[in-house]
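Some notes on the structure that comes next.
The values are calculated or read from the model by the stated rules, or taken from the named source; none is laboratory data. Because the structure is predicted, anything quoted here is derived from the model rather than measured. A quick note on method: Cβ atoms are made from the backbone with ideal geometry, for glycine too, and the neighbour counts reach across all protein chains shown. The accessibility values were calculated without ligands, DNA or RNA, using every heavy atom of the protein model including side chains. Shrake-Rupley method; radii C 1.70, N 1.55, O 1.52, S 1.80 Å.
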Amino acid sequence: MRIDKLLCDMNYGTRKQVKEHIKNGLVHVNGVAVVKPEFHVDVDKDEIKIGGKVISFAKNHYYMLNKPQGVISSTEKGPTETVIDILADENVKGLAPVGRLDKDTEGLLLITDDGKLAHNLLSPKKHVDKTYEVHLSNKLSEADIEQLEKGVDIGDEKMTLPAKVEVMDMADDEGRPVIHLTIHEGRFHQVKRMLEAVGNEVLFLKRLSMGSLVLDENLEPGEYRELTAEELSALQNKQ
Ligand code: URA
């Protein structure tokens, strides 16, 4: 890529200003001053300095995975396939899922090497909303819904925070009732334990959204894609 275009793209000035920097001997590639704006550089190999400072191209990676059932949310290699194994072709080091989904849970999982974003999204203080599609063994009563929305005792020190229940019109293929449940925490097996606390049982669980990030309907279980710039900036701005 041309050095002048690269520096413009990285907001080091307009094309004209960048040319001036080059003319004034401010731009160095591998220790040698660049004299021509059309000089080509390889951002993966060359060390580029402007005004004596090295330009960093460190870039994080962000993927939306529709986690399939049967795969674990772990970064450790082992006998069971992990969500990181699914992204092996990307060849990116340091990828980790943002939070965990149970082995039998499907749906939205953000996978990134951006530890800061992960930390912010998982921080218990931030209360990032998570919405799940939940297939149940039994219909919820009005009293159950009220209890779930107020907070239930799942055997932890504290009751769960108020949640939101939306009863869906549809039943699943096997005629089981379906709800959307939005929670603001991420406790271990939280959804399953909440439903258990009102005498029900979760038969299928799928995460639909996390904060502003919504599972792309075009992703089949096991498929993934990079986040769009808009999705990423919405997540970053939530912090
Ligand atoms: N709650 C659960 O019980 N399991 C999950 O995988 C996610 C939330």
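Observations on the structure shown:
- With all projection directions averaged, the alpha carbon convex hull of the stretch 3-55 covers 3.1 nm².
- Accessible heavy-atom area order of Ser73, Ser141, highest first, probe of 1.4 Å: Ser141, Ser73
- Of Val128, His180, Leu108, farthest towards positive along the dipole that unit charges on Lys, Arg, Asp, Glu beta carbons give the stretch 59-183: Val128
- Cross-link pairs beyond the 24 Å C-alpha cut-off, checked among Lys126/Lys192; Lys116/Lys164; Lys45/Lys116; Lys77/Lys192: Lys116/Lys164; Lys45/Lys116; Lys77/Lys192
- Within the accessible area of the stretch 155-239 (1.4 Å probe), percent carbon and sulfur: 49 percent
- Computed over Cα pairs, the Kirkwood radius of the stretch 44-121 leads via Stokes-Einstein (0.890 mPa s, 25 °C) to a diffusion coefficient of 174 µm² per second.
- Cα-only Debye scattering, the stretch 130-210: base-10 log of I(q)/I(0) at q = 0.11, 0.14, 0.27 Å⁻¹: -0.24, -0.39, -1.56
- By the Stokes-Einstein formula, at 1.002 mPa s and 20 °C, the chain with its Kirkwood radius over alpha-carbon pairs has D equal to 103 µm²/s.
- Accessible surface, per residue, of the chain when the full set of protein chains is kept, probe 1.4 Å, Å²: 58 Å²
- Using a simple spin-label model with pseudo-atoms 7 Å out from Cα toward Cβ, Ile55 and Arg15 lie 1.6 nm apart.
- For the stretch 202-218 versus the stretch 100-177, the gap between their alpha-carbon centres in whole angstrom: 10 Å
- Only Lys, Arg (+1) and Asp, Glu (-1) charged, at Cβ; the stretch 98-239 dipole about Cα centre in debye: 680 debye
- Percent carbon-and-sulfur accessible area, the stretch 3-55, ignoring ligands, DNA and RNA, probe 1.4 Å: 52 percent
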